[in-house]
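Just so you know, all these numbers are worked out from the coordinates, no wet-lab data involved. None of the values given here were measured: they were computed from a predicted structure. Virtual Cβ from ideal backbone geometry, glycine too; neighbours counted across all protein chains shown.
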Amino acid sequence: MWVLCAVLSATDSVALDHGALERMVTGDHDALGELYDRHGRTVYSLALRVLRDQGDAEDIVQEVFSQVWRQAGKYDRGRGSVIAWLLTLTRSRAIDRLRGRKSRPEPIGDESLLSDLAAGGPSADEQLTWAGHATRIRTALDGISTLQRAAIELAFFEGLTHAEIAERLELPLGTVKTRIRQGLLTLRDRLAGAH
């Protein structure tokens, strides 16, 4: 989560995005289509990365662009680029969807399956230790820039190479490598300070 902002915030893209939002305020449906054509794939990729479900990711894309249509006039240029706004909306909605899933209990089919899982899994102490590590990592990830986080997630969670990330984000390869390196250094510092 989600580097995208830096690459896509090239002068031409920024101007086109701002122009599209201004036209949406006046009711121009084509402007929404243009914004979707430029950023729909990126929004979908982030939603799919978070949710791991194509149907839910498609729903999130629809919800995000519907919200952008309704709130185009509320966009504040001072708070970041349009793509950053889109990715923030996407991430928030995807996380809300995940939380909604977790609040609903999973149906339990075979009780023997539960005992098999319990017998072969890590001990309660190990689970607690790993949960602490996971919490620290999530907190550290939340503290880095959206640009760095996007590149790191694509590299480490989706397993993309630097070249594949550059292609997906439509950024120069050097920019992708820099974002990943800076992000990892920041993560290292944040995690070292969390002990």
Would you mind calculating the gained length between T135 and L173 on full extension (0.36 nm times residue separation, minus the Cα-Cα distance), in nm to one decimal? 10.6 nm
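Set the Förster distance to 30 Å, then compute FRET efficiency between K102 and L191 from the Cβ-Cβ distance, nearest 0.05. Mind dumping the intermediate values first?
Values: r = 25 Å, r/R0 = 0.83.
That gives a FRET efficiency of 0.75.
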Given a Förster distance of 25 angstrom, what is the FRET efficiency for D76 paired with A15, based on the Cβ-Cβ distance and rounded to 0.05? 0.90
Expected vector for region 77-87, Karplus 3J(HN,Hα) from phi with 6.51, -1.76, 1.60 and θ = phi - 60°, integer Hz, x for Gly and Pro, equals 4, x, 9, x, 6, 5, 5, 4, 4, 4, 5
Suppose each label sits 7 Å from its Cα in the direction of the beta carbon; what would the A163-R41 distance come out to in nanometres? 1.7
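Would you mind putting 162-170, 20-28 in packing order, based on average other-beta-carbon counts within 10 Å, highest first? It would help to have the intermediate numbers written out before the result.
On the way: 162-170: 17.8, 20-28: 16.1.
With the highest mean Cβ count within 10 Å placed first, the list reads 162-170, 20-28.
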